1. Considering only protein heavy atoms, what is the solvent-accessible area of Arg19 at a probe of 1.4 Å, reported in Å² to the nearest 10?
2. DSSP loop trypsin sites (Lys or Arg not before Pro) in segment 60-115 with at most 13 other Cβ atoms within 10 Å of their Cβ, which ones?
3. What is the dipole size for the chain, taken about its Cα centre, with +1 at each Lys and Arg Cβ and -1 at each Asp and Glu Cβ, in debye to the nearest 20?
4. Average projected area of the Cα convex hull of the chain, in nm²?
5. So how far, in whole Å, is the C-alpha centre of segment 46-115 from the one of segment 1-42?
6. Sticking with the crude label model, points 7 Å out along Cα→Cβ, report the distance from Arg45 to Glu88 in nm, one decimal please.
7. Just want to confirm a number: the relative contact order over the chain, from Cα pairs under 8 angstrom separated by 6+ residues, in percent.
8. Please build a GNM for the chain, connecting alpha carbons under 10 Å apart, and tell me which residue among Asp61, Asp72, Asp89 fluctuates the most.
Amino acid sequence: QVQLVESGGGLVQAGGSLRLSCAASGIVFSRFAMAWYRQAPGKQRELVARITRGGSTTYADSVKGRFTISRDNAKNTAYLQMNSLKPEDTAVYYCNANSVWGEYWGQGTEATVSS
């Protein structure tokens, strides 16, 4: 059974930081590209950051220079370091694993940034 379990969300003041983690099980983690999406209230889910199997990264323009995606294949875990947080970063953040073998989603972790 495939599981992606996010953690690390919470309430933080504007300008603060959070580090999200996504622990994967039931998949060969190194074979999957990993990504973080977010969905704010009343808005569509959007891609925040993505990291390929080889470690190449891409970011949404809104988070470039503030967020960093990384992965640790030995720990089957992906991370999203979020710095200089803004109220508009408030959302539920979802972990995504994608490969030719399938696509999987976590249950989400909520990050709230107060002004």
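The values are calculated or read from the model by the stated rules, or taken from the named source; none is laboratory data. For clarity, every value in this text was computed on a predicted model and none was experimentally measured. Cβ placement follows ideal geometry from the backbone for every residue including glycine, while neighbour counts extend to all protein chains displayed. All accessible areas refer to the heavy atoms of the entire protein, side chains included, with ligands and DNA or RNA removed. Shrake-Rupley method; radii C 1.70, N 1.55, O 1.52, S 1.80 Å.
1. Approximately 130 Å² for this residue.
2. On the way: sites: Lys64, Arg66, Arg71, Lys75; in loops: Lys64, Arg66, Lys75.
Answer in residue order: Lys64, Lys75.
3. My answer is approximately 240 debye.
4. Values: hull surface 26.9 nm².
Result: 6.7 nm².
5. 6 Å
6. 2.3 nm
7. 36 percent
8. Maximum among the listed residues: Asp61.
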